[in-house]
């Protein structure tokens, strides 16, 4: 045993010289961090990491896309655009709303108690506002789709009901597309709270770009969709550049390590890449589809990257 | 109508680290009384602390702060470290991040001024975890609900002192009327300063958005060495700016979509 031999040496040194000059035995894991103002308490994290699993960032993506699709659908309906885009937008909104609920319930520690979310309404809790918004959005977008399909297949006078539901779905859809930014922004996690007033806009652009891209992949080629896609991708490029250039120590998880890399991949795929494809692609269908796929992937990766960065930020919060 | 306003005083903890001997009786008493499950038997190598932090299954936590001696300030022998013990606990904030953020209304303010998680209502959404500036509350794996110090709500209801304060052999943990505790703390700090312990101070962030805490501490030196944040802020302080941005984003979505289709919807 190396430890025993070293101890013998130390004892001999002590006997012969009366003192021990050399260091003793290095304990496993040494040197241990000290409790100091700079290190904090032995370098241990002060904050708790977010406990959310994959369902939450997946919900940010799906719910955001559904919300933005509802808005696009109503805008298309008002402008008198072709009926197919209105129907497909309602499909995306309704399907997104239907997928969102199980995602959120699945992440709960006690899924069987999901109805407790609707036990109270608390305006100071973005989670509470979100739960009520999703309940309203899910119902309204399902109703708008149901009315649309009924209108097509029967003679029932459901157009007005469908439009009213679509309007409610779009109104709550704007909240769906933005509130998740408030949800993570208004927390104690430094990388999130530092960007509390950027995240809602960032997520709104991400939601719009994914909704537009999904409609494009379903075969719609309206110039309006292209214009919205360009606007969203341009804003995402701007947000990406801002993250790179601004925000001190708190923003480090957004630029360094695994979370920083993920943020960058998401940013490239939802910002400059589809923007260039849309601007330079001309009338090429392939360029348009590539831009749509890139936007969707970028939007999804971006949400996972922000949650990942939140975990890293809680582990290494600046003192 | 009969007027029956029972005046219940607001209570508080005053934990004095200069009296703590690191016996961890508070940790044990808390676990015993509240039936808190074990939280691992790992050896940390960090002084005598193997619990490391407050969490879902650690509601009292004794910190062992080892520091270089500073002659005249702490320790008399430059070759030996000083050893400070401090029993940490949920701060029961005046404005509590966990309580504000809880979407189910599970987390409430009790009549004693404490912050209490109702275990029959919590559905384990995890939002309180990212709303606590002190990193106290956490979701318990397998159970699924969030847990933290209850301020021994059940004992207080019965007129008893919380288990940790009852068990503390040195009266390092004092419990009582909040204002009385503050007076005790003021007297103690004056006494220590008079005795030359210049780095002794009270940790109670009254000048931040937390607005003060119901469990405050007497510590020595920089609070960061104890993992206590110098300026804890409640996340609700960010709501206004964040919702304003959300409103701007929502408006941009609506106006942008309407414009895009009005100008280019019909080919």
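FYI, it's all coordinate maths here, none of it is from the lab. Everything numeric in this text was worked out from a predicted model, so none of it was measured. Cβ: placed from backbone, ideal geometry, glycine included. Neighbour counts: every protein chain shown.
Brief remarks follow.
- Degrees between helix B:178-194 axis and first principal axis of chain B (Cα, 0 to 90, nearest 10): 50 degrees
- Working note: 222 nm ellipticity from helices only, DSSP H runs with n ≥ 4, each -39,500 (n - 2.57), summed and divided by the residues of the protein assembly as shown, gives -16500 deg cm²/dmol to the nearest 500.
- When only alpha carbons are used to place a centre, segment B:209-234 and segment A:149-168 end up 58 Å from one another.
- Relative contact order (percent, whole number), segment A:49-186, Cα cutoff 8 Å, 6+ residue spacing: 33 percent
- Coarse-grained scattering of the protein assembly as shown at q = 0.10 Å⁻¹, given as base-10 log I(q)/I(0) from a Debye sum over alpha-carbon atoms: -0.89
- With only the Cα atoms considered, chain B has a convex hull volume of 223 Å³ per residue.
- Helix B:239-264 vs. chain B, principal-axis angle (Cα, 0 to 90°, nearest 10): 20 degrees
- For segment A:14-122, the alpha-carbon coordinates run over 99, 32, 24 Å along the three principal axes, in decreasing order.
- Once the gyration tensor of the Cα atoms in chain A is diagonalised, the equivalent ellipsoid follows with semi-axes of 52, 23, 15 Å, ordered largest first.
- Only alpha carbons enter this Debye calculation for segment A:72-127, each as an equal point scatterer, and the log10 of I(q)/I(0) it gives at q = 0.14, 0.17, 0.20, 0.30 Å⁻¹ is -0.60, -0.71, -0.78, -1.12.
- Taking the three principal axes of the alpha carbon atoms in segment B:34-142, the coordinate ranges are 54, 31, 23 Å, sorted in descending order.
- Relative contact order, whole percent, for chain A stands at 20, derived from Cα pairs under 8 Å and 6 or more residues apart.
- Percent RCO, i.e. relative contact order, over chain B, from Cα pairs under 8 Å lying at least 6 residues apart: 24 percent
- Given R0 = 41 Å, the distance between the Cβ atoms of residue B:198 and residue A:244 translates into a calculated FRET efficiency of 0.35.
- Each principal axis of the Cα cloud of segment A:49-186 was evaluated for its coordinate range; sorted largest first, these ranges are 52, 27, 26 Å.
- Direction-averaged projected area, Cα convex hull, segment A:191-319: 7.2 nm², rounded to one decimal.
- With the convex hull constructed from alpha-carbon coordinates only, segment A:156-246 shows a mean projected area of 7.7 nm² over all directions.
- The stretch between residue A:319 and residue A:119 holds 68.3 nm of extra length on full extension. This uses 0.36 nm per residue minus the Cα-Cα distance.
- Gyration tensor (alpha-carbon) shape descriptor, segment B:168-210, a/c threshold 1.5: oblate
- Descending semi-axes in Å of segment A:107-212, equivalent ellipsoid built from Cα gyration tensor: 31, 18, 11
- Rounded to 10°, Cα long-axis angle of helix B:25-34 versus longest principal axis of chain B: 50 degrees
- Under conditions of 20 °C and 1.002 mPa s, segment A:215-268 yields 168 µm² s⁻¹ as its translational diffusion coefficient, taking Rh as the Kirkwood radius over Cα pairs in the Stokes-Einstein equation.
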